[in-house]
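Comments concern the structure below.
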Amino acid sequence: MIAGGNATVMVSDFGRAVDFYTKTLGLKLMSRFGNEWAEVSAGPGLTIGLHPAGHGPKPGTEGAISVGFTITGTIEDAVATLKAKGVAFQGPVRDNADEGIKLAFFGDPDGNSLYLCEVVHG
């Protein structure tokens, strides 16, 4: 069901953040979708997703970093499986078909922000 993921970091200046993670820290830019999303590899096992503020928590505040899990199969099946195990989701699945993804947000027992992501192939 889960096949990888990323730690998402909300940023206040997208270009500056991409430059910091790639040029200053020397990490590899794996993908960039305009000024809405970028994935930076921090080596085997860790991908950092950069996302502009305004679509989530303010940078540097609670919830400004979350862990995203890329899933296999459909997000609806994954949500149903996790709900059956007692996981409470925050609202319905968000279908961002125009961006090629579906998202479902939830938290761990301590309230840390987590989400599932289905890449929609169309």
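Computed from the coordinates by the stated procedures, all read-outs in this text should not be read as laboratory data. All of these numbers come straight from a predicted model, not from anything done at the bench. We place every Cβ from the backbone using ideal geometry, glycine too, and count neighbours over all the protein chains shown.
Where the alpha-carbon atoms of the chain are placed on the principal axes, they occupy 44, 33, 28 Å, in descending order. Rounded to the nearest 5, the antiparallel percentage of DSSP beta bridges internal to the stretch 2-119 is 75%.
Just need the relative contact order of the chain here, percent rounded to a whole number, with Cα pairs under 8 Å and 6+ apart.
Worked out over the chain, it gives 25 percent.
Counting only DSSP beta bridges with both residues in the stretch 54-122, tell me the antiparallel percent, nearest 5. Rounded to the nearest five, the antiparallel share is 75 percent.
Extending 7 Å from the Cα toward the beta-carbon at both PHE89 and ASP19 defines two label points whose distance is 3.9 nm.
What is the extension gain from HIS121 to THR61, computed as 0.36 nm multiplied by their sequence separation minus the C-alpha to C-alpha distance, in nm to one decimal?
Extra length from HIS121 to THR61 when fully extended: 18.3 nm.
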